[in-house]
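One structure is given here, and the rest of the page talks about it.
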Amino acid sequence: MRDSGQPATEAQTIRLEAGRAVPAPKAFNFWSRLRSNPLALISLGMFVGIVVLAVFGPAVYPMSATRPDYASINAFPSADHFLGTDNLGRDTLARLLQGMRVSLIVAVYVETLNIFLGALLGLLAGFYGGLLDVLVTRLADMLFAFPGLLLAILVAAAFGPSVTERFGGIGRLLLVAGSLSLVSWPLMARLVRSRVLVLREQEFVTASRSLGGNRPWIMIQHLLPNILGMVLVASTLDIASVVINEAVLSLLGLGIQPPDPSIGKMITEAMPFLEANGWQVFFPSAALMAIVLTVSFLGDGLRDVADPSAST
Amino acid sequence: MLKLIAKRLVSLPFVVISITFITFIVGYMAPGDPILAMLGGRTDPAAYERLKHSYGLDQPWQDQYLDYLSGLLRGDLGLSFRFQGRPVADIIASGISVSTALGLAALAGSLVIGIPVGLWAGVHPNSKRDRVGMALMLMLYSIPSFVLIGLLRWFNYQFYLRGLPSLPVAGWGRPEHWIMPVIVLASASMGYIARLTRVSMLEVQRQDYIRTAHAKGLYNRRVLWTHALRNAALPILTVIGPSIAFVVTGAFVVENLFSIPGIGFLSVQAIQQRDYPVIQSTTVILALSVLLMNLITDMLYMAVDPRVRVEG
Amino acid sequence: MKTKRTLRLILLSVVLLVLSAALTPVSAQDATLRWSLEGVNDLVSLDPAKASDSQGFTAIGLLYGGLVRLDGDLHVIPDVAESWTTSEDGLTYIFTLREGAAFSDGSPITAADVVWSLTHALDPNTGGWTGPFYLSNIAGASAVADGSASELSGAVAVDERTVQLTINQPSAYFLSQLTFGSAKIISKTQAEADSTGWELAPLTSGAYQVQEWNRGQNIVLAPNTYYWQAPSVSITLSFNPDSETAYQLYRTGELDIVGSQQNGIPPVHVAEASALPDFQSTSLFAVRYVGFNNTIPPFNDVNVRRAFALAVDKATLANDVLQGTVVASDRILPLGIPASELPVEGLSYDPEAARAALAEAGVTPESIGPVTLTYGVEGDNERIVTVLQSFWQENLGITVTLEPLELTTFSARLNETFENPEAGLQAYYSIWGADYPDPQNFISQQLRTGVGNNNGHYSNADFDALVDQADVLVGDVETRLGLYNQAEQIAVSEVGWLPLYNPRLNILVNPNVQGIVFNGQGLIIPDFSALAIGS
């Protein structure tokens, strides 16, 4: 059928349209399908668990995340410190709970920016083509090659002090991370655009167009559901790099400000002590992996649940 | 296709000019001073003024930029600040070939492993093999590269201690120097590629012609490998673009941690030393390579699926 | 199942590739000393006048000879000059070059080369900073440095083998300053013939010559057979920006010397490394300190500065946090610098006294408000400022905000603090390392009113008077050091700096290497011909 090259017949079109018609699933439908998808259910449970830990953990767990104890530096896990202590004798569990909160905030924030800028521009560029496509792809090429580090340094220096004063350390962190997503959205845009380039030539789109469907409607009705999977996958994968990038930024003094932790920061702080106390690298790394795996499988699950035709 | 190439060539000068301009402006405004970096933290106002003058940094910014641009037109990339008086072209020339070779090796490695794993998982979605395979890939992906390097070095040291063959843990020049960086660089992008391949495969499978083929009673595996794989080729091609991007970004960390004299290494060192002429040139080179890679992937799309129209 | 087989095949070939490569033997060790330069990815230049960092100075020291150099005990000894005389008034030095002294191609080293080299180091077109800084005492130096003269009036080639230097002020450390990179001897003939290309493949006047320079990786040095103390061992200097990486290379047998630059081997490995016969350790002629901006509140009040100093538990910092890899210090001069043997009464840890000092200043933690401590992100800095933060919080109840800055931004901010103190940093974590082992380098050049390194604008008239007197005193060493000692006591009591500790330099040297001495200035080869690698 791919090779037919001929306009689809009306009958085909109708069939295709029917096959592709995926209106938003009704709520009860969604939950019943979710219940029958164990992986999605488990991932959802774990994800909720992680969020609950990050949100309420620091308030419930009594140890301080920032108070040092120079008598027990780099201690192994014990009854006093369930996950041991870091290189200044601070309780690792307390830091991890606090750090997860910071890392999740940053990840959600950067991904929102990324999806908003990248997916939206990629969709528009791929679909409308022409001058818009040229502008968006050139802009994307340019920003992709741009030294994000330099931009982050500039932004942190120019706006950092006033933002820190008003919104605290996390405000500055979001500012710097935001400046990084300015150079990272092109990747998402390029992925989406190339997918749209293929999709818009497919029968259900050409057919819908020949039937006089207006363009925004085609985009929302046909293209959006089809790129959703890719956007979800790309952004869940991105979360790991956002968390790590935050740590790399802090190596330059542009990430979270000490003594506050983030997952990436905990890993970079513990790395030099890998051989002295590997636990301190292991715990935050495991947390990072857990977040990435959970979010990825959750993304898979949600996609399957939202689109019945996806599960085979 | 010639038209595509011609169009891209026309837009080339604009991209170069805008990239150099933005880099220049950001560099000009960014805090940190190349002259101070040169003076190694000592304060000697007379020496400071002398150096500033000899590098033309006391000129107004427009003049500095125009000087740079006119040099660029003559094929002169200017002189490095840090390596006093050394031509930038001379500094980055060897870096380009090192980075290209390393990047291609890592790209080949990650494609050769990532695509089959992704296909394999996508053919049997939600099976145990799919889950385990993807979980492994995701774990490789979510380990920060500096942690992976630390682990590899530790194992390597244990080998060395026991008189077993071991690898050089950093450096460049001998064939053994390639192994660790390629493993680290490939393992991150491998996960990315496997996952994107898997989702492309899933999305192709739920297309109607596959279902029609199934309905026609065609044998499952044949449908997959003949129909689906051919159609998945295009989305998989789109994976190559981002994975090149991925390898380029990864090279910044990996080249630095392994002391490999490539472009990523030079850029980071130049940013830290505020060596603007070098930063400008590495940025332009990165941008050009991104443009080139995009052009190649777009041409491949057109070759694989003639219906695809790519604006250029 | 075709994919499965392909996959296996691929995996198998990857494994084979890794193994085969791993099995290739590491190149056999020959008479080459493999020496790691950490913290840089390349040398800036082989022009001794342009070298600007300790890594560059290491290479310059191997490649070039000067009139004089330092021996293993840091005394000034003859090098290319075999002897010298000093005039009665201490203003004129006459050096006699060695008979038959020659560059690496065999061409003779003449007095004209020496004069040309000194002039070149001062020439603004050279663009180096060390010449104008270290040679400023030579008569006519400032005129050359500001471009108003092209001849250095204070340097005269009397004949082929005789150089006469005239200085502006008698100085006890003039000869020490001549051991520096800016006074090394370059071939005038070569440099004039090829004014830009010579520094890539220079004719050298020292123990070594350049055999191969792999940009971004290493530089291979071969013995210069014309040097008066010609070595027999070659040296490869390899560049390792990251000291952790360098340490990993050393312990897998890829290097012979690691850590000889400012940062040493990573502190976390010191415990493990100190058990090896390879381990060598010395206290550095450097001091880590907190500088305060003396022009703005709250640190314009000496009692607030005292409170901050008294609240810091340096012993815990040095022994627990840094695991004894550094030496806690209450004074400005590092151990081993002349005058450091004279006692100074420091402000040692005393939380009670700290709170009392705060009360005496008439301020409370609330009235001071949060104080910002700024630091450059590098090595252990972040751990240490976090510890300081906890001390001040705990003992004074003062909230300290830490401001991490990427290194070049940090030095730019320090410069702004010097230029425009009102808009500058409040407090900063910094380090000073000796350029040459003389108290003047630590006392007068750091804390005298208005000097270029006095970023915190500490100012005390008595202090200034003492150091001005000491700086020009020649001959009477004891009185001179006594004056510096009095000045140091003033600066310590008034907290011109809050000294924290003297870093130790911990390095690893292959025990088979003979003929290298390790001291506070780094590694020194007292007799190049005695350098050897045994087995």
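Miscellaneous remarks
- Answer from B:A170, B:A108 - the residue that is outside any helix (DSSP H, G or I) and away from chain A (no Cβ under 11 Å): B:A170
- Residue selected from the range B:118-152 under the condition small (G, A, S) and touching a residue at least 60 places away in the same chain (Cβ under 8 Å), by the criterion nearest to B:M180 (Cα to Cα): B:S145
- Qualifying residue in the range A:256-263 (condition: surrounded by fewer than 23 Cβ atoms within 10 Å (Cβ to Cβ) and either of a type in the set (D, E) or more than 14 Å from chain C (Cβ to nearest Cβ) (or both)): yes
- Criterion violated by C:A339 - all others in (1) at negative phi; (2) assigned to a loop (DSSP other than H, G, I, E, B); (3) of a type outside the set (K, R) satisfied: (1)
- Residue within the range A:183-193 that is closer than 30 Å to C:A412 by Cβ and either in contact with a Phe, Trp or Tyr (Cβ under 8 Å, 6 or more places away or on another chain) or buried (at least 20 other Cβ atoms within 10 Å of the Cβ) (or both) present: yes
- Residue within the range A:135-143 that is within 30 Å of C:L405 (Cβ to Cβ), small (G, A, S) and in contact with a helix residue (DSSP H, G or I) (Cβ under 6 Å, 6 or more places away or on another chain) present: no
Conditions (1) part of a loop (DSSP other than H, G, I, E, B); (2) away from chain A (no Cβ under 14 Å); (3) among the polar types (S, T, N, Q), marked per residue:
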{"residue": "C:T295", "(1), (2), (3)": "yes, yes, yes"}
{"residue": "C:N300", "(1), (2), (3)": "yes, yes, yes"}
{"residue": "C:A315", "(1), (2), (3)": "no, no, no"}
{"residue": "C:I332", "(1), (2), (3)": "yes, yes, no"}
{"residue": "C:E345", "(1), (2), (3)": "yes, yes, no"}
{"residue": "C:Y349", "(1), (2), (3)": "yes, no, no"}
{"residue": "C:L358", "(1), (2), (3)": "no, yes, no"}
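- Single residue of the range C:457-493 satisfying the filter (of a type in the set (F, W, Y) and part of a helix (DSSP H, G or I)) that is farthest from the other protein chains (Cβ to nearest Cβ): C:Y484
- When residues of the range A:286-301 are limited to those that are surrounded by fewer than 21 Cβ atoms within 10 Å (Cβ to Cβ) and within 7 Å of another protein chain (Cβ to nearest Cβ), the one farthest from C:T372 (Cα to Cα): A:L293
- When B:V199, B:V204 are checked against the criterion of being at pLDDT below 85, surrounded by fewer than 24 Cβ atoms within 10 Å (Cβ to Cβ), more than 8 Å from chain C (Cβ to nearest Cβ) and not in a loop (DSSP other than H, G, I, E, B), a single residue qualifies: B:V204.
- A single member of C:A307, C:A286, C:A275 is under 29 Å from C:S329 (Cα atoms), more than 11 Å from chain B (Cβ to nearest Cβ) and at pLDDT 95 or above, and it is C:A307.
- C:E38 falls short on exactly one of the conditions (1) crowded, with 23+ Cβ neighbours inside 10 Å; (2) in contact with a Leu (Cβ under 8 Å, 6 or more places away or on another chain), and that condition is (2).
Each row is one residue, and each column tells you yes or no for (1) touching a His at 6+ places or on another chain (Cβ under 8 Å); (2) at the interface with another protein chain (Cβ under 9 Å from one of its Cβ atoms); (3) farther than 30 Å from C:A145 by Cα; (4) surrounded by 16 or more Cβ atoms within 10 Å (Cβ to Cβ).
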{"site": "B:L2", "(1), (2), (3), (4)": "no, no, yes, no"}
{"site": "B:I17", "(1), (2), (3), (4)": "no, no, yes, no"}
{"site": "B:P60", "(1), (2), (3), (4)": "no, no, no, no"}
{"site": "B:R86", "(1), (2), (3), (4)": "no, yes, no, yes"}
{"site": "B:L102", "(1), (2), (3), (4)": "no, no, yes, yes"}
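- Those strands (runs of 3 or more DSSP E) of the range C:365-456 that lie entirely within it include none in which at least 2 residues are of a type in the set (K, R) and in contact (Cβ under 8 Å) with a residue 12 or more places away in the chain.
- Residues of the range B:44-99 classified as touching a residue at least 24 places away in the same chain (Cβ under 8 Å), under 23 Å from C:E419 (Cα atoms) and part of a helix (DSSP H, G or I), total: 1
- Scanning the range A:211-255 for residues that are assigned to a loop (DSSP other than H, G, I, E, B), at pLDDT 75 or above and more than 8 Å from every other protein chain (Cβ to nearest Cβ) gives a single hit, A:G255.
- Top-ranked residue in the range C:122-145 [being small (G, A, S) and closer than 18 Å to B:F81 by Cα; ranked as farthest from the other protein chains (Cβ to nearest Cβ)]: C:G128
- When C:V76 is tested against (1) under 20 Å from C:A155 (Cβ atoms); (2) aliphatic (A, V, I, L, M); (3) within 14 Å of chain B (Cβ to nearest Cβ), exactly one condition is not met: (3).
- If you filter the range B:128-144 down to residues that are in contact with a helix residue (DSSP H, G or I) (Cβ under 8 Å, 6 or more places away or on another chain) and more than 8 Å from chain A (Cβ to nearest Cβ), you find that the one that is surrounded by the most Cβ atoms within 10 Å (Cβ to Cβ) is B:M137.
The values are calculated or read from the model by the stated rules, or taken from the named source; none is laboratory data. On a predicted model such as this, the values are computed, not experimentally measured, just so you know. Glycine gets a Cβ as well: all are built from the backbone with ideal geometry, and neighbour counts include every protein chain shown.
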